[in-house]
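Scroll down for the structure; my scribbles are underneath it.
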Amino acid sequence: MSFSGSMIQNAIYIAQQPPEWPVAFDDWERAAKETLDEGAFGYIAGGAGAEQTMRANADAFGRWRLRPRMLTGNAERDISVEVLGMRSPAPFFLAPVGVLSIAHEEGEVGAAKAAAASGIPFLLSSAATHSIEEVAATGAPRWFQLYWVNDREICESFVRRAEEHGYAAIVVTLDTLTLGWRPRDLRQAYLPFIRGEGCGQYFSDPVFLSKLEKTPEEDPLTAAAMMLATFPNLGLTWNDLDWLREQTSLPILVKGVLTADDAEIALQHGVDGVVVSNHGGRQVDGAVAALDALVEVRDALPEAVVLMDGGIRSAADVLKAIALGADAVLLGRPYAYALAVGGQRGVEELIQNLMAEIDLNLALAGGRTVRDLDRSWLSAIPAP
C-alpha cells in the first residue's frame, strides 16, 4: 500500500497557518514539558545516572549518513513492514512504555486507540495502568510486553490473559530485573507505582489478587507494595526461557539485547526474535548505543527477526536503523510526549506526521520500499 507524505505536507501549507500540532520531536518534547508536572515529565524524559546512554543513542545516528540516489522512478513507494505475521503500514511500532497514565488520563487506552486508527501495532507494557483486557477492547494490533517478575504464577497468568485476548506475541524485557539509578526521579522521590499507577495488570489479575488479604480498593498502599515486591528478579537466567517457551504457543521476543553473544543465546533457547535496546538509556548509564549494538547483532544473525529501539526521533533515524538491519523500530518517548500533549488525538497526529516524513525522506533518497534498504544506502562518518 502506498502512503503519500506529500498530501500531509501540502495540507499544512494550503491552510496557510501554523499547524495545530507539533511537527518535530523537539516541539513535542517542549509542549509535553509545558503540560506535565516536573515529576511526570522527568519520569518520561529521564535516564539512568548522568544520562550518557541517552546521549549515546542520539549520537549514534549522527555517525551514519544517508546516500540519496537520483532519478529512480519511485513515484510509488511502500513504507509498510511485516514482522512475525504482524503487519504495520509504517516501519515502526509503538514501544511498551509503562505508566502512560502519568502523561494523560487516557493512558494506554488512548495510545492504543490511536494505534487502532492508524493500524500501527501497539506493545502493551506489564507496567501499564490500563489492563490487558481494556487495551484489547480498542482493537489495536498488539503484542504484550512481559516484565518477568519473581513470581512465576503471575507471569504465567499475564501470558495466558494476553493469549486469550488476542495479543499476537510476547515481548520479554530482560534489562529491567531491577530499577536503574535515575536521578531525576530520585530528586523528586517520584515513583508512580506507589500511588497505584502502572499497576493495572496486577490489580486486574486473579492470581495476584488471590495473594492479597484486602483488595487494592480497600488497601491500595499494601497492594502497590506487593506489586513492587514481585519486581526484583536478578536471579533470572537464560534457562528460564525454556519454561516460558512451554507456557505459550505465541511468538516470543526478548527485549534488551545489546551483544551478538546474547542474541545467539536467546535464539538457542527458542525465542522468535530479539529487540536490540538499552531501555532508552534508563537502566545502565554509559551503555553501548542501541544503534551500534544493532550493527553487531545483525552481523551475527543475518536471518533472524531483529527489532530495535533507542533514540528514534525522526524519519532519518528510522531509515538508518532499517538500513542497518532492523526489521522495524519501536517508538517510545515521541508518542509518550504526543499523548501528554493531546491524548489519543496527539498520538494520531504524531503517527501521521512521522509516516509522512518517512515517505518523503524515502522518496527523496530514491527508495521504493523501506524493505529494500541496506547498508549500501549509508555512509559511516569516520571517527575523529
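Worth a mention:
- Simple spin-label estimate for W238 and R69 in nanometres, 7 Å along Cα-Cβ: 3.8 nm
- For A328, nonlocal amide neighbours, meaning residues 5 or more places apart or on other chains whose placed amide H falls under 5 Å from its own, are M308.
- Alpha-carbon centroid distance for the pair region 185-261 / region 1-58, whole angstrom: 29 Å
- Net charge over other residues, Cβ less than 12 angstrom from the Cβ of P251 (K, R count +1; D, E count -1): -1
- Descending principal axes extents, region 1-139, alpha-carbon based, whole Å: 49, 38, 38
- Other residues within the sphere of radius under 9 Å centred on the Cβ of G47, judged by their own Cβ, net out at +2 (K and R +1, D and E -1).
- Phi-based couplings in Hz for region 119-133 (Karplus 6.51, -1.76, 1.60; Gly and Pro marked x): x, 6, x, 10, 9, 8, 7, 4, 9, 8, 7, 9, 7, 3, 5
- Overall form of region 338-384: oblate. Here a/c, set by the Cα gyration tensor axes a ≥ b ≥ c, is 1.5 or more, and a/b is not larger than b/c.
- The orientation-averaged projection of the convex hull spanning the C-alpha atoms of region 154-308 amounts to 10.2 square nanometres.
- Prolate/oblate/rounded call for region 45-108, Cα gyration tensor, a/c under 1.5 rounded: oblate
- Rolling a 1.4 Å probe across all protein chains gives W238 an accessible area of roughly 70 Å².
- Each of the peptides 195-208, 303-316 was scored by the mean count of other Cβ atoms within 10 Å over its residues; in descending order, highest first, they stand as 303-316, 195-208.
- Dipole magnitude (debye, nearest 20) for the chain, charges at Cβ of Lys, Arg, Asp, Glu: 980 debye
- Seen from L179, the other residues with C-beta closer than 12 Å to its C-beta sum to a net charge of 0, counting Lys and Arg as +1 and Asp and Glu as -1.
- Those lysines that a straight Cα-Cα span of less than 22 Å connects to K255, excepting residues fewer than 8 apart in one chain: K320
- Fraction of beta bridges assigned by DSSP in the chain that are antiparallel (%, nearest 5): 20 percent
- When the Cα gyration tensor is reduced to axis lengths a ≥ b ≥ c, the ratio a/c is 1.5 or higher for the chain, and with a/b above b/c it is classed as prolate.
- Peptides 103-112, 33-42 ordered by average Cβ neighbours within 10 Å, highest first: 103-112, 33-42
- With θ taken as phi - 60° and the Karplus curve 6.51 cos²θ - 1.76 cosθ + 1.60 applied, the whole-hertz 3J(HN,Hα) list for region 136-143 is 4, 5, 6, x, 5, x, 8, 10 Hz, x standing for glycine and proline.
- Reciprocal mean inverse distance between Cα atoms of region 78-200 - Kirkwood radius, Å: 15.2 Å
- Partners for K214 among aspartates and glutamates (Cα-Cα distance below 15 Å; same-chain residues under 8 apart left out): D205
- Database remark: amide H of W64 closer than 5 angstrom to the amide H of I381 (H placed geometrically; neighbours at sequence offset of 5 or more, or on other chains; Pro and chain starts carry no H).
- Close amide H pairs (under 5 Å, H built 1.01 Å from N) link W143 with F122, L123, L124, A168, residues at least 5 positions away or on another chain.
- Of L301, L339, the order by accessible heavy-atom surface (1.4 Å probe, DNA, RNA and ligands excluded), from most exposed downward, is L301, L339.
- For the residues D219, D285, D272, a GNM of the chain with alpha-carbon springs under 10 Å puts the largest fluctuation on D219.
The values are calculated or read from the model by the stated rules, or taken from the named source; none is laboratory data. Every value quoted in this text rests on a predicted model; they were computed, and no experiment measured them. Cβ sites come from the backbone with ideal geometry, for glycine too, and all protein chains shown count toward neighbours. For the accessible areas, the whole protein counts, side chains as well, though only heavy atoms, and no ligand, DNA or RNA atoms are used. Shrake-Rupley method; radii C 1.70, N 1.55, O 1.52, S 1.80 Å.
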